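Enquirer: I have a structure I would like to understand better, so I am pasting it below and will then ask my questions one at a time.
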Amino acid sequence: MAVQLLYIADPMCSWCYGFGPQLTQLLAAMPDAKLDILCGGLRPDETEAVSDEMRKMILGHWDRVAEVSGLPFDREAMSRPGWVYCTEPASRAMVSVKLLAEHLPGEKRLHVFHALQSAFYRDGLDVTNEQVLAEVLTAALNAVDGADSYDAASLLETLQSADAHQCTREEFALCQQWGVRSFPALLMVHDNNLHMLSSGYATTEQLQSQIARVLQAG
């Protein structure tokens, strides 16, 4: 029986960005594993502009993630005057991928998720902007699902739809119902039960050890 994994994250969570290579390695070692991605909502209702104090704190987290993961960060992403660090639009972008491309397997959706993360952290793009999100999604989806299969205008329409808004809030609520409060979190479905493999950053080796423990216990 294939291992079923649930990855709960936020496209604008720095530790989720740092966790990406570890999860990719895990999936490469488990080609039969099934993956679903859910957005937990890091700062979904933020309305206040980032203060100097908050910016300093966040950039400190980024420095730590960069040190642990070796991934690049563009600090300009955090320097826009009056910028609001609201993660709901980027999460809604991932939900829109499900609505538009339900046929895509988890590893291809993960590629899109990583593209959103890279757009923000590596390239310094404003992924609270829906037009930017539509363009990033278009490029990422066309890369994994055939060139010119998607266009930014249609993606923007889906992103702004009532369905996308509602489904995003439902994902947030489901993750809270499961007791997930920190990201990234990786869960495993086994014997009709949810098992927490990691709450926060973990290495591939740690995840493999946890999976083996769950399988042996079952």
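Enquirer: Place the peptides 56-65, 145-154 in order of packing, highest mean first, counting for every residue the other Cβ atoms within 10 Å and averaging per peptide.
Expert: Ranking the peptides 56-65, 145-154 by packing returns 56-65, 145-154.
Enquirer: What's the ranking of 178-190, 73-85, 162-174 by average number of surrounding C-beta atoms within 10 Å, highest first?
Expert: Packing order, densest peptide first, comes out as 178-190, 162-174, 73-85.
Enquirer: Ok, one more. For Arg169, what is the net charge nearby, where nearby means another residue's Cβ is under 10 Å from its Cβ and Lys, Arg count +1, Asp, Glu -1?
Expert: Value of the local net charge: -2.
Enquirer: Net charge near Gln4, counting Lys/Arg +1 and Asp/Glu -1 over other residues with Cβ under 14 Å of its Cβ?
Expert: Net charge around Gln4: -3.
Enquirer: Sticking with this one: Report, to the nearest whole %, how much of the accessible area of the stretch 1-105 belongs to carbon and sulfur atoms, 1.4 Å probe, protein only.
Expert: 52
Enquirer: Then there is this: Under a point-charge model restricted to the Cβ atoms of Lys and Arg (+1) and Asp and Glu (-1), what is the dipole moment magnitude of the chain relative to its Cα centre, in debye to the nearest 20?
Expert: With only Lys, Arg, Asp and Glu charged at Cβ, the dipole is about 600 debye.
Enquirer: For Lys56, give me every one of the aspartates and glutamates with a C-alpha distance below 20 angstrom, ignoring sequence neighbours fewer than eight places off in its own chain.
Expert: Cα-Cα hits under 20 Å: Glu46, Glu48, Glu67, Asp74, Glu76, Asp123, Asp126.
Enquirer: Still on this structure: To the nearest 20 debye, what is the magnitude of the charge dipole of the stretch 98-218 about its Cα centre, counting +1 on the Cβ of each Lys and Arg and -1 on the Cβ of each Asp and Glu?
Expert: Here the stretch 98-218 has a charge dipole of around 580 debye.
Enquirer: Here's a follow-up. Count the DSSP beta bridges whose two residues both fall in the chain, then state the antiparallel fraction as a percent rounded to the nearest 5.
Expert: Percentage antiparallel, nearest 5: 65.
Enquirer: At 1.4 Å probe size, with every protein chain present, just tell me what the per residue accessible area of the stretch 86-218 comes to in Å².
Expert: Averaged over the residues of the stretch 86-218, the accessible area is 46 Å².
Enquirer: Now, a different point. Which aspartates and glutamates, if any, have their Cα less than 16 Å from the Cα of Lys98, not counting same-chain residues under 8 positions apart?
Expert: Asp10, Asp36, Glu88, Glu107, Asp145, Asp151, Glu157, Asp163, Glu170, Glu171
Enquirer: Looking at the chain, which Cys residues are left with no other cysteine's beta carbon under 4.7 Å from theirs?
Expert: Flagged as lacking a Cys partner: Cys39, Cys86, Cys167, Cys175.
Enquirer: Roughly how big is the stretch 126-181's charge dipole about its Cα centre, with Cβ charges of +1 (Lys, Arg) and -1 (Asp, Glu), in debye to the nearest 20?
Expert: The calculation lands at about 340 debye.
Enquirer: If you don't mind, another one. Let me have the 222 nm mean residue ellipticity of the chain computed from DSSP H runs of 4+ only, each contributing -39500 (n - 2.57), with the sum over all residues rounded to the nearest 500.
Expert: Computed ellipticity for the chain at 222 nm equals -17500 deg cm²/dmol.
Enquirer: While we're here: Please sort through the DSSP H helices of the chain and keep those with an alpha-carbon extent of at least 15 Å along the long axis and a Kyte-Doolittle average not below -0.5.
Expert: Long hydrophobic helices here: 14-29, 88-100, 106-121, 130-145, 204-217.
The values are calculated or read from the model by the stated rules, or taken from the named source; none is laboratory data. Keep in mind it's a predicted model, so treat the numbers as computed, not measured. Backbone-built Cβ (ideal geometry, glycine too); neighbour counts: all protein chains shown. Quick note on the areas: whole protein, heavy atoms, side chains included, nothing else; ligands and nucleic acids left out. Shrake-Rupley method; radii C 1.70, N 1.55, O 1.52, S 1.80 Å.
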